[in-house]
1. Using the number of other C-beta atoms within 10 angstrom as an exposure proxy, rank L67, L283, L52 with the fewest first.
2. Enumerate the calculated ³J(HN,Hα) couplings along the range 111-118 in order (Karplus 6.51 cos²θ - 1.76 cosθ + 1.60, θ = phi - 60°), each rounded to whole Hz, writing x wherever the residue is Gly or Pro.
3. Set the Förster radius R0 to 22 Å, insert the Cβ-Cβ distance between A251 and V152 as r into 1/(1 + (r/R0)^6), and round the FRET efficiency to 0.05.
4. I need the peptides 83-92, 136-145, 250-259, 156-165 ranked by packing, meaning the mean over residues of other C-beta atoms within 10 angstrom, with the highest value on top.
5. Based on DSSP, what percent of beta bridges with both residues in the chain are antiparallel, to the nearest 5?
6. Can you find, among A252, H170, L53, the residue farthest towards the positive end of the dipole of the chain? Put +1 on the C-beta of Lys and Arg, -1 on that of Asp and Glu.
7. Would you compute, from DSSP H runs of 4+ residues alone, the mean residue ellipticity of the chain at 222 nm, taking -39500 (n - 2.57) per run and dividing by the full residue count, rounded to the nearest 500?
8. Hey, if you put +1 on the Cβ of every Lys and Arg and -1 on every Asp and Glu Cβ in the chain, which of L272, G42, L294 ends up farthest toward the positive end of that dipole?
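Just so it is clear, none of the values below were taken in a lab; they were calculated from the coordinates. Note that the coordinates shown come from a computational prediction; the quantities given were computed from them, not determined experimentally. Counting neighbours? That spans all protein chains shown, and the Cβs are built from the backbone with ideal geometry, glycine included.
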Amino acid sequence: MFSILIPSWNNLPYLKLCIDSVRRHSAFDHEIIVHVNDGSDGTLDWVRSEGLLHTWSKGNVGVCLALNDVARLATRDWILFLNDDMFVTPGWDLAFEANLRSLGHSSAYLSSVLIEPTDTGNSNVTAANFGSGPDNFDEAGLLKYTAAMKSVDRDGVALQPMLISRQLWHMVGGYSIEFGPGMSSDDDFLMKLWLVGCRTFRSVGACRIYHFGTKSTGRIRRNRGGREFLMKWGISQRDFARDYIRRTAGAAPGSLPNVPSAPFKSRLKRVLYALGRYPFEDLEGWEADLPAKLTFNTPFNDPLNKPFDKTAKD
């Protein structure tokens with residue numbers, strides 16, 4: 001059904017729990033593909049022992065590069081970007097599947113109802129504490145809670161995890177690496193989807209996923225994603241979310257502009273930001289020698305790929 005892409009950075013207990021939830025709580029057969037950042041905590045060995053499709057980098061290359069690398073192995077028509085610190089609950093994929101069938105097209109961005117243990121003030125996230133990690137995770141309590149939820153579909157909302165068509169992923173070129181290691185890369189991806197005509201941004205009410213929360217992003221030097229977004233697109237993330245993404249909830253088809261227009265405040269901030277070293281200052285501060293962390297395939301390293309012999313007879 002789906003190609004599930006999971007970037008992971010030395011987060012093995014969470015990754016094991018995440019993949020276990022997919023295996024036990026899915027109604028369909030899904031393709032699980034992991035990108036292992038570093039993996040020195042045993043992640044790389046475990047992924048290989050499980051026979052999971054995977055890509056690997058020698059260090060943490062960030063979510064943008066990791067997703068782009070692992071996406072090349074996806075073979076299903078639909079791609080799900082799932083964080084390694086998430087836990088899917090029964091019925092999650094049935095809810096996505098039913099929603100896709102009702103839409104009848106592949107130009108859509110679907111996400112789940114997200115449940116987190118801490119109230120961060122995000123009105124789009126449900127706060128309910130069933131543990132901060134694998135050691136104190138209350139699975140039974142979570143499953144009882146989600147089974148009783150009465151959440152409904154909400155349009156104009158773009159959360160994680162993200163489900164989109166493989167066609168749409170490749171049409172916009174995946175995630176933009178100038179946002180490495182990843183802050184605001186989601187917003188940038190939404191803008192690219194907007195420019196190719198995607199107007200369905202929906203949180204699917206019957207799909208409920210628990211998110212332990214920021215188990216990787218809390219360990220990195222963050223890029224100033226808001227600045228990168230504004231410099232690239234000329235509009236702030238807040239204005240884009242408010243004036244475009246949210247308005248898809250009630251807008252008539254064709255009534256929203258194909259190209260967003262930035263208000264004066266955004267244009268003014270862009271002028272001020274232009275005095276800085278965008279985006280290289282953030283990239284250099286995060287990882288000055290990114291190429292040293294990457295791994296590349298050996299050309300034609302396939303025992304079934306025999307050299308062509310011009311002298312061979314038919």
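1. With the fewest neighbours first, L67, L283, L52 line up as L52, L283, L67.
2. Taking θ as phi minus 60°, the curve returns 9, 9, 6, 9, 10, 10, x, 10 Hz for the range 111-118.
3. In this case the efficiency is close to 0.70.
4. Numbers: 83-92: 22.3, 136-145: 14.7, 250-259: 9.4, 156-165: 20.7.
Packing order, densest peptide first, comes out as 83-92, 156-165, 136-145, 250-259.
5. About 25 percent, rounded to the nearest 5.
6. It is A252, whose Cα lies furthest towards the positive end.
7. -9000 deg cm²/dmol
8. L272
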